[in-house]
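Enquirer: My questions will all concern the structure given below.
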Amino acid sequence: MLLPASLLFVAVGGTLAATGQPVVGGLAVVLGCAYLGRSASAAFSRRVAFAVTAEGVTLGQAPPWPASRTAFIPWSEIEAVVHWRQTVGTATVQYVGVQRRGGAAALPGSATSRRLRRLNKALAPANLPEGVVADSRPVTFWRLDKARLARAVNEYAPHVPFIDQG
């Protein structure tokens with residue numbers, strides 16, 4: 001839905017800029033192009049956004065975040081795979097994360113700063129453990145098939161539950 005909206009921003013912005021409203025039109029074009037650029041960057045990067053394999057779970061990061069923020073978690077460290085939603089106003093974003101065994105080191109790309117953890121606590125559902133929220137990735141620029149995810153978790157790690165809270 002955001003892709004057509006971005007194209008609309010560019011078209012309307014171009015029209016506004018051409019008809020005497022260059023500031024508003026220019027801003028709309030810039031915003032539309034920024035999202036289109038981010039979408040293209042994510043698509044052409046060919047990075048893994050999320051993967052469930054026999055070895056474990058990979059939580060990726062789309063550009064502009066560096067590939068070094070991708071995290072692999074072996075099944076031996078995972079207590080649950082969790083799907084959840086964050087709602088702010090009218091916007092809803094799906095997330096997939098892992099609940100890891102206590103005492104595990106922070107993952108690359110996870111929310112580790114006190115400020116981010118406070119923000120997560122304020123915006124995430126109250127029933128989610130802080131570690132799950134920190135070790136989650138948004139389902140953006142890719143699609144999640146929850147039924148397929150549940151089957152994969154069950155096949156590769158039958159001792160690990162798939163928890164769908166969204």
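The values are calculated or read from the model by the stated rules, or taken from the named source; none is laboratory data. Keep in mind that what you see is a predicted model, and the values were worked out from it rather than measured. Using ideal geometry, Cβ is built from the backbone for each residue, glycine included, and neighbour counts are taken over all protein chains shown.
Enquirer: State whether one or more residues within the stretch 131-140 are of a type in the set (D, E, K, R) and within 18 Å of V52 (Cα to Cα).
Expert: Yes: the stretch 131-140 contains one or more residues that are of a type in the set (D, E, K, R) and within 18 Å of V52 (Cα to Cα).
Enquirer: Also: Which of the numbered conditions does A67 fail, given that it passes all the others? Conditions: (1) at pLDDT 70 or above; (2) closer than 30 Å to P161 by Cα.
Expert: That leaves (1) as the condition not met.
Enquirer: Shifting gears a bit: Among the residues of the stretch 139-154, is any under 17 Å from R101 (Cβ atoms) and more than 18 Å from the chain's Cα centre (by Cα)?
Expert: Our first condition is that a residue be under 17 Å from R101 (Cβ atoms); within the stretch 139-154, this holds for 153.
Right, trim to more than 18 Å from the chain's Cα centre (by Cα) and you get 153.
Yes, the stretch 139-154 has at least one match.
Enquirer: Which one is farthest from I163 (Cα to Cα), of the residues in the stretch 29-54 that are loosely packed, with under 14 Cβ neighbours inside 10 Å and at pLDDT 75 or above?
Expert: For the stretch 29-54, the residue satisfying everything is V30.
Enquirer: Can you name the helices (runs of 4 or more DSSP H) wholly within the stretch 74-166 that have at least 3 residues being surrounded by fewer than 18 Cβ atoms within 10 Å (Cβ to Cβ)?
Expert: 114-123, 146-156
Enquirer: Being assigned by TED's automatic domain parsing to the domain that holds W75, among the basic types (K, R) and closer than 21 Å to T53 by Cα narrows it down to one of K146, K121, so name that one.
Expert: K146
Enquirer: Further, regarding this structure: List, please: which pairs have Cβ atoms under 9 Å, are six or more places apart or on different chains, and start with a residue in the stretch 51-69 that is on the phi > 0 side of the Ramachandran plot and end with one that is at pLDDT 90 or above and part of a loop (DSSP other than H, G, I, E, B)?
Expert: Sorted first by the residue in the stretch 51-69, then by its partner, the pairs are G56/A157.
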